[in-house]
Amino acid sequence: MTGRVIVITSGKGGVGKTTSNANIGAALAKNGHSVVLIDTDIGLRNLDLLLGLENRIVYTLVDVVEGRCKLKQALVKDKKYPNLCLLAAAQTRDKTSVNAEQVKEITDELKKDFDFILVDCPAGIEQGFQNAVAGASEAIVVTTPEMSAVRDADRIIGLLEAKEEIKSYKLLLNRVRPSMIKSKDMMSVEDVVNILSCDLIGIIPEDTGIITSTNKGEPIVHDDKSLASKAYRNVARRIEGEEIPFLDIDEPQDIISKIKKFVMGLKR
Amino acid sequence: MSKLIDGNIYLLDLSQSKSASDIVFDLSRFLDTEESSNKRICLKLGKVDLNQAQILSVKSLINSRESALVSLETLSKQTEAAALAIGLIINKTQDSSSEEIEVPEKEYIKAEDAPELVQQAEEQEGVVEEAETKTEEEADVSNELDVIFDDDKKMEKMINSLEANNVYSEKNGTIDIDIPESEYTKEDKEIDEFSTKYIKQTLRSGQLINCEGNLVIIGDCHSGCEINAGGDVTVWGTLNGIVHAGCYGNTKARVRALKLNPIQIRIAGLFSRKPDGGNVILVDKSNEYTPEEARIINNEIVVFKMND
């Protein structure tokens with residue numbers, strides 16, 4: 001078995017890399033794939049928190065690299081899906097504790113046993129980023145419809161293009177607010193795609209449920225009703241190779257706005 | 001590949017050899033060297049299956065250099081059986097590839113939920129006290145012996161811990177303060193032998209404290225910090241991080257705090273974790289502190305209230 005190694009990166013912090021990683025991972029596991037999530041954000045780890053696995057971590061990525069434990073010992077199984085595993089980052093160390101080759105060795109090892117290896121990349125373009133992309137052959141660039149995030153995403157895409165190992169990269173637009181796009185206070189999805197000239201893999205609407213899910217330590221994909229959950233599950237299916245139309249996050253509530261939308265569509 | 005252990009005992013690691021002929025080849029390459037004569041050799045083999053004849057030929061190969069095969073380590077059951085039949089000593093090795101994941105599956109137990117454990121603990125303490133008073137003279141002798149043996153162990157531990165400290169102290173975010181040793185008396189003799197380190201500050205996420213002896217922290221320990229101590233850990237404040245008391249194997253070590261709510265408690269080789277729940281730490285505005293203490297009872301980590 002050769003698994004796919006996908007790095008989830010963004011450049012800017014706080015756009016939802018870790019949230020996307022946890023949710024896409026959980027969604028893929030829900031669909032029956034064996035998935036391992038690797039947190040490479042050494043010193044500022046958060047992925048364990050989103051999955052609610054903080055209290056189960058004994059060994060970390062750094063312990064594996066430094067030979068204090070076997071790779072299998074460091075994998076923490078998810079509470080809900082046993083086919084979802086986490087390789088946590090060390091909290092008491094920093095990014096220089098591992099190097100790119102060591103991460104590549106680990107992802108190559110994990111490829112044999114898992115369908116998907118999702119690498120959570122730290123913010124920035126320094127050592128942490130280099131470590132995270134080392135073993136990956138695909139990338140998902142997370143961005144929000146804000147100028148600063150889009151500019152950083154552009155920089156990241158440039159760096160990814162320069163890497164020979166990265167065969168494909170897709171854009172994940174996060175925290176989209178349809179109402180703000182309507183009132184022209186936020187860049188539309190098309191604007192962002194035009195600026196970055198990059199294929200989309202998903203559009204995630206802003207959802208207050210994300211905050212609740214982080215507090216509870218359960219990925220939002222477990223909640224079937226939420227719109228963000230639906231969007232993340234669609235992203236997982238697109239990664240699997242299905243072709244699904246993008247979710248209509250701009251769900252008009254009344255007939256007037258529906259007509260408006262129709263007319264706007266005709267004008268374009 | 002080979003390592004001189006002591007005087008003339010050699011540990012020869014052939015666990016990478018894939019077949020019997022590989023083993024013979026690697027072995028003869030080693031035997032060609034000067035240092036291989038007149039040695040006692042411990043062989044470490046991998047998963048290769050050997051029969052009696054093959055082991056005997058290996059043995060005679062070693063004997064030809066006036067060395068002797070002392071013991072065998074193997075992962076193969078066939079080899080083990082054959083070696084035993086010949087009369088060789090087998091060193092047990094664990095198949096490291098099949099090691100199970102060691103995850104703290106157990107949650108720590110609150111004493112009020114398990115009254116029978118409390119009773120056991122009280123009984124145990126009573127028995128120990130009685131035994132100590134009855135055989136005072138014997139105890140003295142054995143204590144002296146213990147000290148002698150302990151010293152060696154302590155040296156080893158200290159060296160290990162020093163190495164560990166060196167690794168960590170190069171990194172940022174690590175505190176390694178040398179605070180003068182001070183006396184700290186307690187009933188527990190084993191723990192009493194350690195020195196005690198005082199830390200007066202709030203430990204934040206990512207901060208790591210390694211300490212050979214007992215540790216007293218005057219301040220809070222936020223979640224994400226890690227505390228390792230050879231002896232007891234006492235926190236005059238709230239304890240939310242990961243704590244490891246008796247990290248060199250002392251099962252009598254204890255963890256105590258004014259508010260004990262750590263992500264994980266580890267004592268000696270035991271792990272226990274906080275019950276699953278939300279990530280949000282609600283700020284407890286009440287000033288009511290119930291000091292609690294965690295210790296090992298019957299191979300389980302139990303948290304006691306210290307209100308009496």
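All of the numbers you see were taken from the coordinates with simple rules; none came from a lab. Keep in mind it's a predicted model, so treat the numbers as computed, not measured. Using ideal geometry, Cβ is built from the backbone for each residue, glycine included, and neighbour counts are taken over all protein chains shown.
Let's test the formula: R0 of 60 Å, r as the Cβ-Cβ distance of B:GLU112 and A:SER179. What FRET efficiency results, to the nearest 0.05?
Values: r = 51 Å, r/R0 = 0.86.
Calculated transfer efficiency: 0.70.
Just from its helices, what would the mean residue ellipticity at 222 nm be for chain A, if runs of 4 or more DSSP H residues each count -39500 (n - 2.57) and the sum is divided by every residue, rounded to the nearest 500 deg cm²/dmol?
That comes out to -12000 deg cm²/dmol.
I need the calculated FRET efficiency for the pair B:LYS200 and B:ASN307, taking r as the beta carbon distance and R₀ as 30 Å, to the nearest 0.05.
Plugging the Cβ-Cβ distance into 1/(1 + (r/R0)^6) gives 0.75.
Relative contact order, percent, of segment A:83-211 when contacts are C-alpha pairs under 8 Å separated by at least 6 residues?
Working: 146 pairs, mean separation 26.3, N = 129.
This gives 20 percent for segment A:83-211.
Counting Lys and Arg as +1 and Asp and Glu as -1, what is the net charge of the other residues whose Cβ lies under 13 Å from the Cβ of A:LEU200?
That works out to -2.
Could you give the nm distance between label points at A:HIS222 and B:ASN63, where each point is 7 Å from its Cα heading toward the beta carbon?
6.6 nm
So what is the relative contact order of chain A, in percent, for Cα pairs below 8 Å that sit 6 or more residues apart? Before the final figure, lay out the partial values.
Details: 521 pairs, mean separation 64.8, N = 268.
Relative contact order comes out at 24 percent.
What's the percent breakdown of Cα-Cα distances in segment A:1-151 across 10 Å bins, shortest bin first?
Each 10 Å bin holds this share of Cα pairs: 12, 47, 35, 6, 0.
Once Lys and Arg get +1 and Asp and Glu get -1 on their Cβ, which of A:SER10, A:VAL62, A:LEU110 lies farthest toward the positive end of the dipole of chain A?
Of the listed residues, the answer is A:SER10.
What average number of partner chain Cβ atoms lie no more than 10 Å from the Cβ of the residues making up A:95-101?
Average neighbour count from other chains, rounded to a whole number: 1.
So which residue, out of A:SER229, A:SER168, A:SER183, gets the largest mean-square fluctuation from a GNM of chain A using Cα contacts under 10 Å as springs?
A:SER183
Where both residues lie in segment B:2-95, what percent of DSSP beta bridges are antiparallel, nearest 5? Mind showing how you got there, number by number?
Working: 4 of 18 bridges.
The answer is about 20 percent antiparallel.
What average count of beta carbons from other chains do you get within 10 Å of the Cβ of residues in A:54-64? Before the final figure, lay out each step's value.
Numbers: counts 9, 14, 10, 6, 9, 3, 0, 0, 1, 0, 0.
Shielding by partners across A:54-64 averages 5.
Over 28 Å between Cα atoms, which of A:LYS80/A:LYS112; A:LYS77/A:LYS111; A:LYS17/A:LYS72; A:LYS70/A:LYS216; A:LYS12/A:LYS260; A:LYS104/A:LYS216 qualify? Don't skip to the answer; put the middle values down first.
Details: A:LYS80/A:LYS112 23 Å; A:LYS77/A:LYS111 17 Å; A:LYS17/A:LYS72 25 Å; A:LYS70/A:LYS216 30 Å; A:LYS12/A:LYS260 35 Å; A:LYS104/A:LYS216 32 Å.
Correct reply: A:LYS70/A:LYS216; A:LYS12/A:LYS260; A:LYS104/A:LYS216.
Can you bin every Cα-Cα distance in segment A:4-267 into 10 Å intervals starting at zero and give me the percent of pairs per bin, rounded to whole numbers?
Calculated P(r), rounded to whole percents: 7, 32, 36, 18, 6, 2, 0.
Quote the FRET efficiency, to the nearest 0.05, computed for A:THR2 versus A:ALA162 with a Förster distance R0 of 30 Å and r equal to the Cβ-Cβ distance.
Approximately 0.80, to the nearest 0.05.
Assigning unit charges at the beta carbon (Lys, Arg +1; Asp, Glu -1) and nothing else, what dipole magnitude in debye, to the nearest 20, does segment A:4-267 show about its Cα centre? Don't jump to the answer; show the numbers that get you there.
Working: 36 positive and 39 negative charges, 98 e Å.
About 480 debye.
Under 10 Å, Cα contacts only: if you run a Gaussian network model on chain A, which one of A:GLN102, A:GLN130, A:GLN73 comes out with the highest mean-square fluctuation?
So, out of A:GLN102, A:GLN130, A:GLN73, the one fluctuating most is A:GLN73.
Work out the mean other chain Cβ neighbour count within 10 Å for the residues of A:203-216 and drop it here as an integer.
The shielding value for this peptide is 1.
What do you get for the angle between helix A:147-162 and the principal long axis of chain A? Use alpha-carbon atoms, 0 to 90 degrees, nearest ten.
50 degrees
Output the peptides B:66-77, A:35-46 sorted from most to least packed, where packing is the average of other Cβ atoms within 10 Å over each peptide's residues.
A:35-46, B:66-77
Would you mind calculating the relative contact order of segment B:2-95 from Cα pairs under 8 angstrom and at least 6 residues apart, reporting the percent as a whole number?
26 percent
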